[in-house]
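S.K.: The structure is given below, and queries will be raised subsequently.
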Ligand SMILES: C[S@@+](CC[C@H](N)C(=O)[O-])C[C@H]1O[C@@H](n2cnc3c(N)ncnc32)[C@H](O)[C@@H]1O
């Protein structure tokens, strides 16, 4: 009897793990349809991006397409207000779960980045978006940012803009770019 219970628990756990993996894959596909799939920044690049931002305790910080929230959770400790925007529902749930587990104060919103109304408040914006999305960001969001806003991009450049600073590609790591409006 106890062996049967053990088997049921193991099968249940395998099913739950498969369900979570399936939902995250679905979330990534939805993110891809929205513009960029869910692909988290490496821990090394998160550290580089946070360092490059030189965050102050008065800063308002956004991560546009925050994924599981790793960048915005790391930023939260060093700024006044931190907001992660995530459009894909299951990835958003993952970020909420991680926020709950780590008791982080960052705000996580389920929203399309292009519907975000308060980006003019930002001092720092983190992004890790595919080139076509970076171009759309430049066309649609960049003009509404206040002068001096720092944009820190993992992996992808903004074609029409010269970065203020570039951390070159390292082995297995994307380059990181700093732009200042
Ligand atoms: C490459 S991941 C980066 C995640 C996180 N910023 C990081 O660096 O670890 C891009 C994220 O952007 C989200 N995304 C893509 N297009 C979006 C849009 N239009 N609005 C909101 N989120 C979007 C995807 O769902 C995905 O989670």
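S.K.: In nm, to one decimal, how far is the modelled label at residue 42 from the one at residue 157, with both set 7 Å along Cα→Cβ?
M.R.: Reported label-point gap for residue 42 and residue 157 is 2.0 nm.
S.K.: While we're looking at this one, here's another question. For every helix of n ≥ 4 consecutive DSSP H residues, a contribution of -39,500 (n - 2.57) applies; sum these over the chain, divide by its total residues, and give [θ] at 222 nm rounded to the nearest 500 deg cm²/dmol.
M.R.: My calculation for the chain gives -13500 deg cm²/dmol from helical runs alone.
S.K.: Helix 43-53 sits at what angle to the longest principal axis of the chain, using alpha carbons and giving 0 to 90 degrees rounded to 10?
M.R.: It works out to around 30 degrees.
S.K.: Please report the Cα spread of segment 1-70 along all three principal axes, rounded to whole Å, starting with the longest.
M.R.: Sorted from largest, the Cα extents of segment 1-70 read 60, 29, 21 Å.
S.K.: Taking 41 Å as R0, compute the FRET efficiency from the Cβ-Cβ separation of residue 109 and residue 173 and round it to 0.05.
M.R.: Numbers: r = 28 Å, r/R0 = 0.69.
Efficiency for this residue pair is about 0.90.
S.K.: Give me the number: length gained by fully extending residue 139 to residue 23, i.e. 0.36 nm times residue separation minus the C-alpha to C-alpha distance, one decimal in nm.
M.R.: Value of the extension gain: 38.6 nm.
S.K.: Taking a cut-off of 16 Å, what percent of all Cα-Cα pairs in segment 102-181 are separated by more than that?
M.R.: Tail fraction, whole percent: 54.
S.K.: Further, regarding this structure: If a/c stays under 1.5 just call it rounded; otherwise compare a/b with b/c (prolate if a/b is bigger, oblate if not). Do that for segment 20-122, with a ≥ b ≥ c from the square roots of the Cα gyration tensor eigenvalues.
M.R.: Judged from the Cα gyration tensor, segment 20-122 comes out prolate (a/c at least 1.5, a/b above b/c).
S.K.: Another question, then. Return the single residue from 163, 143, 131 with maximal mean-square fluctuation; model: Gaussian network over the chain, springs between Cα atoms under 10 Å.
M.R.: 143
S.K.: For the chain, modelled as a GNM with alpha-carbon contacts under 10 angstrom, which of 17, 108, 33 fluctuates the most?
M.R.: It is 17.
S.K.: Suppose R0 equals 30 Å; then what is the FRET efficiency for residue 164 and residue 97 from their Cβ-Cβ distance, rounded to the nearest 0.05?
M.R.: Working: r = 35 Å, r/R0 = 1.17.
Efficiency for this residue pair is about 0.30.
S.K.: With no solvent and one point per C-alpha, what does the Debye sum give as log10 I(q)/I(0) for segment 77-127 at q = 0.27, 0.29, 0.30 Å⁻¹?
M.R.: At q = 0.27, 0.29, 0.30 Å⁻¹ the computed log10 ratios are -1.18, -1.25, -1.27.
S.K.: Which semi-axis lengths, in whole Å and largest first, follow from the square roots of five times the eigenvalues of the Cα gyration tensor of segment 43-180?
M.R.: Those come to 21, 17, 15 Å.
S.K.: Can you tell me the length gained on complete extension of the stretch residue 57 to residue 89, counting 0.36 nm per residue apart and subtracting the Cα distance?
M.R.: Net length gain for the segment: 8.5 nm.
S.K.: Compute the acute angle (0 to 90°) between the alpha-carbon long axis of helix 2-34 and the principal axis of greatest extent of the alpha-carbon atoms of the chain; round to the nearest 10°.
M.R.: Helix 2-34 sits roughly 30 degrees off the main axis of the chain.
S.K.: In degrees between 0 and 90, to the nearest 10, how far off the longest principal axis of the chain does helix 131-140 point, with axes built from Cα atoms?
M.R.: 50
S.K.: Arrange the following residues from fewest to most other Cβ atoms within 10 Å of their Cβ: 160, 28.
M.R.: Details: 160 10, 28 18.
With the sparsest Cβ surroundings first, the list reads 160, 28.
Every number here is computed from the coordinates shown, using simple stated rules; none is lab data. Treat the numbers as computed from the prediction; the structure is a model and nothing was measured. Virtual Cβ from ideal backbone geometry, glycine too; neighbours counted across all protein chains shown.
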